[in-house]
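I have placed the structure first, in the form of structure tokens, so that the comments after it can refer back to it.
No lab work stands behind these numbers, since they all come straight from the coordinates. If you're wondering where the values come from, they're calculated on a predicted model, not measured in any experiment. Here the Cβ positions follow ideal geometry from the backbone for every residue, glycine too, while neighbour counts run over all protein chains shown.
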Amino acid sequence: MAARPLLLKVQTRVIKNLANSLTLLNLALGMLALVMIIEGNMVMGAHLILFAAVADGLDGKVSTLTKSNNEFGKQLDSLADVVSFGVLPAVLAYKTAMSELGLLGFVVASVFCACGVLRLARFNVLPPGGQFKGLPITIAGGTVAAIILYGERLNSGTVLFFVLVLSLLMVSSIPYPKFKEALKRQNTVYISFFALLSLAAALLYRELFALIVMVSYVAYGLIVALVNRIFATADIEEETAYQEELLGED
């Protein structure tokens, strides 16, 4: 009988720490990716960053399911993300392509790291919401890895351009949807778009699956922000015209 409470206690502790274990797996995969990059195996390094992104996505889901969300886990996740999706993608892009550009390549790689850290710091102090403010660092880092992995024909200047754009998107105010919030709200347009896109990518371009999905997520935020800006401008112009018409009647 005494063994049963002990077993229950161990089981509870394991469940509570499962999310943190996935976070540490994310960090371990990041460290392994760093070793691969140092040894010159860029392809494996890029793959490991994408695997780390999967682990990072799972730890959030697990913490919600096990009701183990806490400040410690939040800070641990951010520190692991700095390594796996801030430092490593920048090093990967620099070693693979941007080193050819000398100081400029180094500066842009450093900017990516800095923007990633700023993005995480802002996320940690903002109240929870239904959307991300700025591109999540996991997507930014994963996109860099996918570009390097599947864009071997890209020259150093093109890689630098993409890295710089992703850096700026991380510290922007452009809203990006949270997948779990989209599911909760039953946003059929958003879900259907990504479901069809993922299915098409998986069937037609299996080797480009990660790149297509991540670039589409990045583009989605930009397109929605642009459309909202256009409609907002149109509404302002319409309101201004209406006010001028009223003044003219007076």
In nm, what is the difference between 0.36 nm times the number of residues separating Arg229 and Thr158 and their Cα-Cα distance? 22.8 nm
Taking a 26 Å limit on the Cα-Cα distance, which of the listed pairs Lys74/Lys133; Lys61/Lys95; Lys95/Lys133 fall beyond it? Lys61/Lys95; Lys95/Lys133
By Cβ neighbour count within 10 Å, fewest first, Ile139, Ile147 rank Ile139, Ile147
How much length would be gained if the chain were fully extended between Lys133 and Ala114, taking 0.36 nm per residue of separation minus their Cα-Cα distance, in nm to one decimal? 5.2 nm
Separation between the Leu104 and Asn69 pseudo-spin-labels, each 7 Å from Cα along Cα→Cβ, expressed in nm? 4.4
